[in-house]
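Colleague: First the structure, which I've put down as structure tokens, then a few questions once you've had a look.
Read the figures in this text as sums done on the coordinates, not as results from a lab. Since the structure is predicted, the reported quantities are computational estimates derived from the model, not experimental observations. So basically every Cβ, Gly included, is an ideal-geometry build from the backbone, and we count neighbours across all protein chains shown.
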Amino acid sequence: MFDPATFLNTAVDGQLSTEYVVIPEGEYIGRIREIQSNNFRLIETKNGPQWVLDLTWEFDDPEVAKITHRKVSTARQTIWLELTPEGKLDTSEGTNVQLGRVREAVGQKETKDWTISMLSGAMARCQVVHRQSSDGTRTYPDVQAVAAL
């Protein structure tokens with residue numbers, strides 16, 4: 001049983017990792033973690049504020065686990081949202097294509113009264129690529145594209 005008060009003063013033998021072993025680039029079956037309000041971020045761009053949705057995809061592939069030393073590894077997919085002046089998702093032709101592709105890949109393209117929260121737990125085939133931090137010191141796994149299983 002975990003006791004925070006005891007844990008606070010428990011000695012740690014050995015070093016702790018300072019870097020994650022990232023998922024290798026490739027194609028994996030992933031599941032979207034539960035989506036909550038903190039999955040949305042407001043980013044200041046040269047054209048003004050822009051909302052994005054960050055999906056966290058989980059991969060429990062045994063081969064990935066051998067490489068990353070984690071039972072479940074994750075990668076992020078950032079989706080730029082196009083909104084109406086009223087703050088709703090723009091559904092006009094040619095908008096929110098990236099989100100539409102995710103919806104289609106997880107089999108929710110035709111779902112009536114669809115909500116973004118319905119993506120929680122949905123599965124798809126994911127193309128994982130690596131992205132370097134702006135200073136080049138870290139590598140992050142990103143989901144670049146998704147397709148139906």
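Colleague: Go ahead and collect, in residue order, the members of the stretch 112-149 whose backbone nitrogen is under 13 Å from a label point 7 Å along the Cα-Cβ direction of Y20.
Modeller: Counting only backbone N, you get 129-133, 138-143.
Colleague: Continuing with this model, one more query. How large is the direction-averaged shadow of the alpha-carbon convex hull of the stretch 38-149, in nm²? Walk me through the numbers on the way to the answer.
Modeller: Values: hull surface 35.8 nm².
Averaging across all directions leaves 8.9 nm² for the Cα convex hull.
Colleague: Using Stokes-Einstein with the Kirkwood hydrodynamic radius over Cα pairs, what translational diffusion coefficient do you get for the stretch 4-97 at 4 °C and a viscosity of 1.567 mPa s, in µm²/s rounded to a whole number?
Modeller: Stokes-Einstein gives a translational diffusion coefficient of 76 µm²/s.
Colleague: Quick check for me: using +1 on Lys/Arg Cβ and -1 on Asp/Glu Cβ, what's the dipole size of the chain about its Cα centre, in debye to the nearest 20? Please report the intermediate quantities before stating the final value.
Modeller: Details: 16 positive and 21 negative charges, 20 e Å.
Using only the charged Cβ atoms, the result is roughly 100 debye.
Colleague: Just E58, E82, E44 to compare: in a GNM of the chain, with alpha carbon springs under 10 Å, which one fluctuates most?
Modeller: It is E44.
Colleague: Related question: Set the Förster radius R0 to 22 Å, insert the Cβ-Cβ distance between T139 and D61 as r into 1/(1 + (r/R0)^6), and round the FRET efficiency to 0.05. Walk me through the numbers before you get to the answer.
Modeller: Details: r = 19 Å, r/R0 = 0.84.
The value I calculate is 0.75.
Colleague: Looking at the chain, which longest stretch skips every one of the chymotrypsin sites (Phe, Trp or Tyr not before Pro) that is in a DSSP loop with at most 13 other Cβ atoms within 10 Å, leaving the sites themselves out?
Modeller: Segment 3-113 is the longest.
Colleague: As a check on your grasp of the helix formula, calculate [θ] at 222 nm for the chain: sum -39500 (n - 2.57) over DSSP H runs of n ≥ 4, divide by the residue count, round to the nearest 500.
Modeller: Helix contribution divided over all residues of the chain: -3500 deg cm²/dmol.
Colleague: Further, regarding this structure: Please build a GNM for the chain, connecting alpha carbons under 10 Å apart, and tell me which residue among V21, V12, V128 fluctuates the most.
Modeller: Of the options given, V12 has the highest mean-square fluctuation.
Colleague: Name the residue, out of D13, D61, D113, whose mean-square fluctuation peaks in a Gaussian network model built on the chain with Cα pairs under 10 Å.
Modeller: Judging by the Gaussian network model, the answer is D13.
Colleague: Extending each Cα 7 Å along its Cβ direction at E82 and K46, get the distance between those two points in nm, one decimal.
Modeller: It is 2.0 nm.
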